[in-house]
1. Restricting to region 50-69, and then to whatever is free of Cβ contacts under 8 Å to residues at least 60 places away in the same chain and within 12 Å of GLN110 (Cα to Cα), can you tell me which residue is surrounded by the most Cβ atoms within 10 Å (Cβ to Cβ)?
2. Quick check on this structure: which one of HIS73, HIS93 is in a helix (DSSP H, G or I), at pLDDT below 85 and more than 17 Å from the chain's Cα centre (by Cα)?
3. Among the residues of region 96-115 satisfying the criterion of being in a helix (DSSP H, G or I) and more than 24 Å from ALA141 (Cβ to Cβ), which is most open to solvent (accessible area, probe 1.4 Å)?
4. Scan ASP174, ASP151, ASP157, ASP118 and give me the residue that is in contact (Cβ under 8 Å) with a residue 24 or more places away in the chain and loosely packed, with under 15 Cβ neighbours inside 10 Å.
5. Using the structure shown, decide if ALA122 is at pLDDT below 90 and either part of a helix (DSSP H, G or I) or closer than 20 Å to ASP174 by Cβ (or both).
6. Filter region 122-143 for residues that are within 18 Å of SER66 (Cα to Cα) and touching a residue at least 40 places away in the same chain (Cβ under 8 Å) and give the result.
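The values are calculated or read from the model by the stated rules, or taken from the named source; none is laboratory data. Nothing here was measured: the structure is a model prediction, and the numbers come from that model. We place every Cβ from the backbone using ideal geometry, glycine too, and count neighbours over all the protein chains shown. Just so you know, the surface numbers come from the protein's heavy atoms only, side chains and all, with ligands and any DNA or RNA stripped out. Shrake-Rupley method; radii C 1.70, N 1.55, O 1.52, S 1.80 Å.
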Amino acid sequence: MSTSVVALLVAVVGVLGTLTSGFLAQRSAGKTKLLELQYAQHQSATEREEARQQARLEARRACYVSLNQAVRHHQAVLSKAIASLQRQDLGEHIEEINSALKAQRDTYAQAQMVASDDVMDAAKYALDRLNRVAALVRQSAGGYRSEAVHDDARSLDAEAQNALDGLLRSMRSDLGVTGSQPEER
């Protein structure tokens, strides 16, 4: 091979190298940009999902707070009424019991839309106990009074208190709050 052919080959390889390097650099930059875009989309989707999960958690938390307040208030009103059973002055408590029951029902209806099955099971049990106490109190307010009714009401009230503590534990567990017990009374 002559020197001119070698020079020509070197020149051709140089030009091809220069042209190819630009193409390869452009292709590499395109791939990098595509990877960055895919990462940003993935990151955005992850953040949106985390925000949705956080919103659901906040909705459950707010609902559980309302439910806890309503059932605790209902239980407190019923406990006051039970204390009045012996004095036989229940008339003043019936309206308050009915108001507390309505608030409890409203918050229970909200909980049905956001609460887990475990929480709903605990709520059904606790509310059943509260409703039984309320039925006994109403029965007494209607004129049927006996020492047995008072004892039954106190016994059911204690069961209701335990059921409410179980409901609270279930709600706290569902929210991821662990390692704590309901407040001692």
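1. Among residues in region 50-69 that are free of Cβ contacts under 8 Å to residues at least 60 places away in the same chain and within 12 Å of GLN110 (Cα to Cα), the one surrounded by the most Cβ atoms within 10 Å (Cβ to Cβ) is CYS63.
2. Values: HIS73 fails: at pLDDT below 85.
None of the others qualify; the one that does is HIS93.
3. Of all residues in region 96-115, those in a helix (DSSP H, G or I) come to 96-114.
Within this subset, residues satisfying the condition of being more than 24 Å from ALA141 (Cβ to Cβ) are 107, 109-114.
Values: THR107: 18, ALA109: 47, GLN110: 101, ALA111: 0, GLN112: 95, MET113: 152, VAL114: 56 Å².
Result: MET113.
4. Working: ASP174 fails: loosely packed, with under 15 Cβ neighbours inside 10 Å; ASP151 fails: in contact (Cβ under 8 Å) with a residue 24 or more places away in the chain; ASP157 fails: loosely packed, with under 15 Cβ neighbours inside 10 Å.
The conditions single out ASP118.
5. Numbers: at pLDDT below 90: no; either part of a helix (DSSP H, G or I) or closer than 20 Å to ASP174 by Cβ (or both): yes.
When the stated conditions are applied, ALA122 does not pass them.
6. Matches in region 122-143: ALA122, ALA123, TYR125, ALA126, LEU127, LEU130.
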